[in-house]
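What follows draws every value from the coordinates through simple rules; no lab data is involved. Here the structure is a predicted model, which is why all the values come from computation and not from measurement.
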Amino acid sequence: MTRITWEKKPVAGSMLTDPGVYCLRSNETTWDEERLWRTYMMLTDLEAVFRSLKSELGLRPVYHSKEARSDGHLFITVLAYQCVQLIRRRLKEKGIHLGWRNLRDILSVQQRVTARFTQRDGRTLHVRKATQPEPNLRAIYDALGLDHLPGGTKKRVD
């Protein structure tokens, strides 16, 4: 019987000793590595939120040929980003540390539904209300001081 044994001998600077090395380049010579990394991560987050919002709000692709329209497009995008950041900041203050993608996934579960009932007199009763939120969504609503059933219950008879 032949027996084979081996041993890992890490080589400095290899994937074994330094997996996933980032090389950031900046013209900011006064920043320390911690500030540079925080800024890089903020920009990465900003790009991810912009990409998501632009898709969801139908703000891309951009085909504006007039400067005023491009400015309006940019303004709406930045305004939407500020709303996202305000929500995330308030959630962090309450101990909820989620990225935009996770928040969006949690928020997307709740629906508003309309039930229609035919009454004895032939008219139709429409009742519109939100579904019950799941526990993680309920926690977000609580942290933001929002009603668990947004929009309340609406009734209409036709």
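Report, in deg cm²/dmol and to the nearest 500, the calculated mean residue ellipticity at 222 nm for the chain, where each DSSP H run with n ≥ 4 adds -39500 (n - 2.57) and the sum is divided by the residue count.
-14500 deg cm²/dmol
Straight-distance candidates among the lysines for linking to K92, with alpha-carbon spacing under 27 Å and chain neighbours fewer than 8 residues away dropped: K54.
Could you work out how far the C-alpha centroid of the range 1-48 sits from that of the range 80-158, in angstrom? Cα centres, the range 1-48 to the range 80-158: 41 Å.
Taking Cα Rg over 2.2 N^0.38 Å as calculated from this structure, the corresponding entry among [x] 1.00; [y] 1.70; [z] 1.12 is [y]. In straight Cα distance, which aspartates and glutamates are under 14 Å from K129, not counting same-chain residues fewer than 8 positions off? Of all the aspartates and glutamates, those that pass the test against K129 - Cα under 14 Å, at least 8 places apart if same chain - are D147.
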